[in-house]
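Here the structure is laid out as structure tokens; the discussion comes afterwards.
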Amino acid sequence: MSSRHETPQRILIDTDPGVDDSMAILFAFNSPEVKVEGLTTVFGNGGTETTTANALRLVEMAGRTDVPVARGAEQPLLRPFTGEGWRVHGRNGLGEVELPAPQVEPERRRAAQFIVDTVMANPGEITLVPLGPLTNIALAVSLEPGIAEQVQEVVLMGGAANGRGNASAVAEANIRNDPEAAHVVFQAPWRVTMVGLDVTRKVIMTPEYVDALAASGNPFTTFIGKITQHYMDFYRTYVGLDGFHVHDSSAVAYVIDPTLFETVALPVDVEIHSPHNFGLTSTDWRKRPGREPNVNVCVEVDSERLLELYRRRLQGMETLATEAAS
Ligand code: BDR
Ligand code: CA
């Protein structure tokens, strides 16, 4: 158990699975430091229909149908969803790997309502872990502003404090996909930790790492070996990298063990007006008096230790796999 929490940290994962979302969810399912209270889905790496089906497939595959899946927003707050994520994650969001339709159904409530109900029923207990565009989180805090005081923390994958984007020259994909929602979330009075490209680009899973993981041969590592092939092809062709950056699993890693990261509290604003630069997380490093920090920004990461933690946890899924199969 991490030194941070005596008892598991209760988390809600808001997600757009997504190859790296899937890897992050399986990481969380097999980490005793966290207890996943639900998955809420959002558009991003695919439409919400696709990401919801994938979230349901994941809970089924992991033998965790006790974890509710609530379908969320179908589009950004103000803009059309242009949906380029399929280029990275494949048309089904899972690297074009053919998978059967899920048998389980989503939860009756929509994501924003589910988030509000879960947080308000468990004051001070829940950490929100958004791994996609922030639409559901912005809707939830607009529906019930009281959740800002009751949430323990928001640990999100998104943004780039150094202004080097991946979805545009300056913007990271999750923020770019709904900048107005990100603006609402960054301005709400809760603790926000940003696990952005500044650190996730420093954590790289190489083909050798993935092969070794897959070779351990449990259903989860085998699944990861398959879904990452399309993802790696994208990185090879468009990023010029043999391997891929570990985005969403880094946010889960922060919740499990924040000592993996160095953070700095800084003022961060989301650009929502510029026709070119919308989605930029404009970060003020000057530390001027009167300019209060609103975000805990991850600036460094112990990549080796994070990758080792991920490997151990996924290899440990052997036990879970045997239980699920029996
Ligand atoms: C983020 O965008 C999505 O493609 C990934 O799932 C991750 O959440 C990285 O910019
Ligand atoms: Ca994601």
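The values are calculated or read from the model by the stated rules, or taken from the named source; none is laboratory data. It should be emphasised that the depicted structure is a prediction, and the values quoted were computed from it without experimental measurement. Note that each Cβ is placed from the backbone with ideal geometry, even for glycine, and that neighbours are counted across all protein chains shown. To get the accessible areas, we keep the full protein, side chains included, count just its heavy atoms, and leave off ligands, DNA and RNA. Shrake-Rupley method; radii C 1.70, N 1.55, O 1.52, S 1.80 Å.
Selection of first residues in the range 92-119 that are at positive phi and of second residues that are of a type in the set (Ser, Thr, Tyr), restricted to Cβ pairs under 7 Å at least 6 apart or on distinct chains, gives the following pairs, ordered by first then second residue: GLY93/THR50; GLY93/THR51; GLY95/THR228; GLY95/TYR231. Applying the selection to the range 135-183, what residues are crowded, with 20+ Cβ neighbours inside 10 Å, farther than 29 Å from THR7 by Cβ and among the hydrophobic types (A, V, I, L, M, F, W, C)? Correct list: ALA138, LEU139, ALA160, ALA161, VAL170, ALA171, ALA173, ILE175, ALA181, ALA182.
Within the range 281-298, the set of residues being open to solvent by 80 Å² or more (accessible area, probe 1.4 Å) and touching a Pro at 6+ places or on another chain (Cβ under 6 Å) comprises just one member, ARG291. Of all residues in the range 120-134, those satisfying the criterion of being within 20 Å of SER249 (Cα to Cα) and either β-branched (Val, Ile, Thr) or surrounded by fewer than 24 Cβ atoms within 10 Å (Cβ to Cβ) (or both) are ILE126, THR127, VAL129.
Among the residues of the range 73-93 satisfying the criterion of being assigned to a loop (DSSP other than H, G, I, E, B) and closer than 18 Å to ASP20 by Cβ, which is most open to solvent (accessible area, probe 1.4 Å)?
So the residue we want is ARG91.
Residues in the range 252-283 that are in contact with a Leu (Cβ under 6 Å, 6 or more places away or on another chain) and either farther than 26 Å from ASP16 by Cα or not charged (D, E, K, R) (or both): ALA253, LEU260, THR283. Scanning the range 148-166 for residues that are of a type in the set (A, V, I, L, M) and away from ligand 2 (no atom under 12 Å from the Cβ) gives ALA148, VAL151, VAL154, VAL155, ALA160, ALA161.
Can you say whether THR52 is part of a helix (DSSP H, G or I) and surrounded by 19 or more Cβ atoms within 10 Å (Cβ to Cβ), as far as the supplied structure shows? So THR52 passes the test.
Any idea which of (1) surrounded by fewer than 18 Cβ atoms within 10 Å (Cβ to Cβ); (2) under 21 Å from the mean Cα position of the chain (by Cα); (3) farther than 18 Å from VAL155 by Cα is the one VAL210 doesn't satisfy? It is condition (1) that VAL210 fails.
Checking every residue in the range 195-207 against the condition of being without any contact (Cβ under 8 Å) to a residue 40 or more places away in the chain and open to solvent by 10 Å² or more (accessible area, probe 1.4 Å) gives at least one match. When the range 249-280 is limited to residues that are polar (S, T, N, Q) and under 30 Å from LYS35 (Cα atoms), the one that is surrounded by the fewest Cβ atoms within 10 Å (Cβ to Cβ) turns out to be THR259.
Out of ASP248, ASP242, ASP284, one residue alone is over 28 Å from THR228 (Cα atoms) and of a type outside the set (A, V, I, L, M). It is ASP284. Only one entry in PHE43, PHE27 is more than 13 Å from ligand 1 (Cβ to nearest atom), open to solvent by less than 30 Å² (accessible area, probe 1.4 Å) and within 26 Å of TYR254 (Cβ to Cβ), namely PHE27.
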